[in-house]
Amino acid sequence: SAFSSSSITQVTLSENLTRISEGAFANTKLTAVHIPAKVNTIGAAAFQQCSYLKKLTFADNSMLDSISGKPGEGAFANCSNLENFDFPASLTTIGQEAFYACYALTEVTIPVNVRLMEGSAFQYCTGLRQVNFAEGCMLTNIPDYCFSNCTELTTVNFSDGIQKLGSHAFAYDHQ
């Protein structure tokens, strides 16, 4: 946990960085993060509880493969002010609770190469209004509780590849 719970507000990550480890920047006061091209994994809880974090960007030629998460430790869980951003096309995995309770997100587009999304990935994103699955998206299963309690969600644009909706995948959403 390199900077966990520190007062750091800005960071410039090395262009040679390949992994952001578990808890690396958890509970810091970062306001913006740019993920360099060579980063292929963002670990569980890497930016968890960064309530000041608003802006997330990825290098144009990003090689990011996985945004990790596990119960109670999503990579960006509880980043309550995180605004809309574009996932890199290289992304294949969105981990459990990865964006749990990111209240400021209003729209999410799941990129074409995502093959695995784990449970509760976007649960309690109460500002989320629209979810799009890129045309040709490789994801076939929307997991349990993935978008549950997204109380403003009114529009979901599925790709043709979706074959299964998990238990409570969209439960307790907009009435």
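The values are calculated or read from the model by the stated rules, or taken from the named source; none is laboratory data. Owing to the predicted nature of the structure, the values given are computational and were not obtained by experimental measurement. For neighbour counting, all protein chains shown are included, and Cβ atoms are generated from backbone atoms with ideal geometry for every residue, glycine included. All accessible areas refer to the heavy atoms of the entire protein, side chains included, with ligands and DNA or RNA removed. Shrake-Rupley method; radii C 1.70, N 1.55, O 1.52, S 1.80 Å.
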- If you scan segment 32-54, which residues turn out to be in contact with a Lys or Arg (Cβ under 6 Å, 6 or more places away or on another chain) and not aromatic (Phe, Trp, Tyr)? ALA32, THR41, ALA44
- Task: From the list SER68, SER51, pick out the single residue that is in contact (Cβ under 8 Å) with a residue 12 or more places away in the chain, of a type in the set (Ser, Thr, Tyr) and under 23 Å from ASN16 (Cβ atoms).
- Result: SER68
- Note on the structure: A careful count of residues in segment 123-136 that are open to solvent by 10 Å² or more (accessible area, probe 1.4 Å) and either among the basic types (Lys, Arg) or part of a loop (DSSP other than H, G, I, E, B) (or both) gives 8
- Task: May I ask you to list the residues in segment 152-175 that are more than 20 Å from VAL114 (Cα to Cα) and surrounded by 16 or more Cβ atoms within 10 Å (Cβ to Cβ)?
- Result: LEU153, HIS168, ASP173
